[in-house]
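In what follows, a single structure is set out as structure tokens and then discussed.
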Amino acid sequence: MNSKCAEQAAYTEFLAEVSPFLDPHTVRDAAIFDYGQWELPFEAVLIAIMDKPRNQVRFDFTRAAVLAEAANIVIEGVLDPATWQKFVSWNEKR
């Protein structure tokens, strides 16, 4: 399996993990991505997760961090690094 397929699979697993905490419409929209471009839906999922109180959402933060790195969201990239920083700060609120 090439790395792009592995990243898509990891994103799909992450989405399945956090979907119980999200609006069904958000999950449906986040599950649809064209041409392997999962990065933008991933950013949208992070934003949706941050709308919830941290103590009400359980997920593997390490998986999210690996996906963020793959999506080039941690450093300057296609997505907004500020979103990742907000997500990290949100995650630390327990």
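The values are calculated or read from the model by the stated rules, or taken from the named source; none is laboratory data. As the structure is a prediction and not an experimental result, all values here were calculated from the model. Reconstructed Cβ throughout: ideal geometry from the backbone, glycine too, with neighbour counts over all protein chains shown. For accessibility, only protein heavy atoms count, side chains too; no ligands or nucleic acids. Shrake-Rupley method; radii C 1.70, N 1.55, O 1.52, S 1.80 Å.
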Within the range 23-64, residues assigned to a helix (DSSP H, G or I), of a type in the set (D, E, K, R) and open to solvent by 80 Å² or more (accessible area, probe 1.4 Å) come out as Arg28, Asp29
(Q) Just to be sure before I move on: is Pro20 in contact with a helix residue (DSSP H, G or I) (Cβ under 7 Å, 6 or more places away or on another chain) and assigned to a helix (DSSP H, G or I) in the structure I sent? (A) no
Taking the criterion of being assigned to a helix (DSSP H, G or I) and farther than 18 Å from Thr62 by Cα, would at least one residue in the range 8-16 satisfy it? no
Residues in the range 53-69 that are closer than 15 Å to Pro20 by Cβ and either touching an Asp or Glu at 6+ places or on another chain (Cβ under 9 Å) or hydroxyl-bearing (Ser, Thr, Tyr) (or both) total 3
Going through (1) assigned to a loop (DSSP other than H, G, I, E, B); (2) in contact (Cβ under 8 Å) with a residue 24 or more places away in the chain one by one, Leu67 fails only at (1)
